[in-house]
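Values in this text are rule-based calculations from the coordinates and carry no lab data. Note that this is a predicted model, so its numbers are computed, not measured. Positions of Cβ are backbone-derived with ideal geometry, glycine not excepted, and every protein chain shown enters the neighbour counts.
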Amino acid sequence: MILRNNYYLTTLAIITMGISVLSCKNKVKKTAVTEKEKTVYPSDVIPFMDEFKILCGDGKSFNDLTDVEHKDFFYVENENNTNWVVYKAPNSGVTSRTSSNTRTELGQKEEWKPDTGGKLTGTLKVKHVSTSGDARVAASYSVVIGQIHGTEGHENEPLKIFYKKFPGHTKGSIFWNYEINTKGDNSKRWDYSTAVWGYDMSIVGDTPTTYPTEPQDGIELGEEFSYEINVYKGIMYLTFKSDGHETKQFTKSLIQTDFGTSSDIPEQILTLYAAIGRDGVERDSAYAGELQNFKQGAYNQTNGKDPEENIVWHTGSETYNGDIKKQYENGCYTEVWFKEATVGSGTPPQH
């Protein structure tokens, strides 16, 4: 009888252990599933990700952005119960074949022509811009947060939206640039800059370490704002909004030039680009008939190139020989957060 009881007890113990092991395995499996379910991807926050590809600041690219993140460059942060897509790029990393500047930036897969049009919107805040650079250089301390980019011809940019903040200032500037689709030699190209809030691109320091007065109507780091780029029947309509700031709207033709002769070149260009001899004119039809696409994210304009070679675009910033970790540790990077964005066809303008 004792032997039989021992047998039953042993059998029960084995069964119990088996159940316990299975239970533990199930718990581990469930935990793993739960952890996986907790990951929030950029495509969960902004659904249009399937229409874009991305190039990140370390040179890594992704053509399919569904359920994709790239830590330290492209990922999601939650702040006050709101999810934001983070785009982060060092001053020096790996970039595209046509640029000296590092980016973590979406590129639209679909291409369109200005007469066909398209629309891109974004609601965002800039969390950081490089704190190193040369104050005399127009591109220093700035990041491009949205653009229209040509994909044929000169591959110039009919629109770049910038955020720029000088070191020591609380408020930065939002401005947009139009780059001419140069007639003839593209080395003569230039950007005409228009202020939204704060200054345009041409306002610079007198020395490498002195800064202009802080803009009164500027945007602070971490302050939310939005933009809409609407290209309809060849005309670009821009709208900028932010609580506590005047809504700003602009209109610019992409199919008929404003800069077709030397006498049309604005004084801003003659002054800003004088040292590098950029004094070209634009072809009469501007960007008509040429393919374009939208870009959005963080296109860092602060690079390590020598300002004496190009006082407009070479910012002389610290790059730590391309060491991204050191750049992040020492403020030599840009970081932009988007919580909403849309892309689609151009629509009849409201203004």
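Using 1/(1 + (r/R0)^6) with R0 = 35 angstrom and r between the beta carbons of Glu110 and Asn78, what's the FRET efficiency to the nearest 0.05?
Values: r = 30 Å, r/R0 = 0.87.
With a Förster radius of 35 Å, E is 0.70.
For the chain, the dipole from Cβ point charges (+1 on Lys and Arg, -1 on Asp and Glu) about the Cα centre works out to 1620 debye, to the nearest 20.
Of the residues Trp176, Gln301, Ala89, the one whose Cα sits farthest towards the positive end of the charge dipole of the chain is Ala89 (charges of +1 on Lys and Arg Cβ, -1 on Asp and Glu Cβ, taken about the Cα centre).
Computed extension length for Glu340-Asp306: 8.6 nm, one decimal, from 0.36 nm per residue of separation with the Cα-Cα distance subtracted.
Between Thr66 and Ser253, the modelled labels are 4.3 nm apart [label points 7 Å from Cα along Cα→Cβ]. Full extension of the segment from Arg97 to Asp58, taken as 0.36 nm per residue of separation minus the current Cα-Cα distance, would add 12.6 nm. Computed over the chain, the Cα gyration tensor eigenvalues convert (square root of 5λ each) into semi-axes of 49, 23, 18 Å, ordered from largest to smallest. Volume of the convex hull of segment 178-247 (Cα atoms only), normalised per residue: 129 Å³. Between the alpha-carbon centres of segment 125-154 and segment 283-351 there is a gap of 4 Å. The overall shape of segment 41-119 is oblate: from the C-alpha gyration tensor, with semi-axes ordered a ≥ b ≥ c, the ratio a/c is 1.5 or greater and a/b is no larger than b/c.
Measure nothing but the geometry: give the 0 to 90° angle between the long axis through the Cα atoms of 2-38 and the longest principal axis through the Cα atoms of the chain, rounded to 10°. On a 0 to 90 degree scale, this one is about 10.
Over 29 Å apart at the Cα level, from the set Lys71/Lys248; Lys164/Lys339; Lys109/Lys171; Lys53/Lys119, are Lys71/Lys248; Lys109/Lys171. Here segment 278-351 has an Rg and Dmax of 18.5, 48 Å, counting Cα atoms alone.
What is segment 206-351 by shape, rounded, prolate or oblate, if you read a ≥ b ≥ c off the alpha carbon gyration tensor as root eigenvalues and call it rounded for a/c under 1.5, prolate for a/b larger than b/c, and oblate otherwise? Oblate. Using just its DSSP H runs of length 4 or more, each adding -39500 (n - 2.57), the chain gives a mean residue ellipticity at 222 nm of -5000 deg cm²/dmol after division by all residues.
Specify whether the C-alpha gyration tensor of segment 228-295 places it in the rounded, prolate or oblate class, a ≥ b ≥ c being the square roots of the eigenvalues: rounded for a/c under 1.5, otherwise prolate if a/b is larger than b/c and oblate if not. Note, shape of segment 228-295 comes out oblate. Between Tyr227, Val281, Tyr320, the Cα set farthest toward the positive side of the dipole of the chain (charges on each charged residue's Cβ, about the Cα centre) is that of Tyr320.
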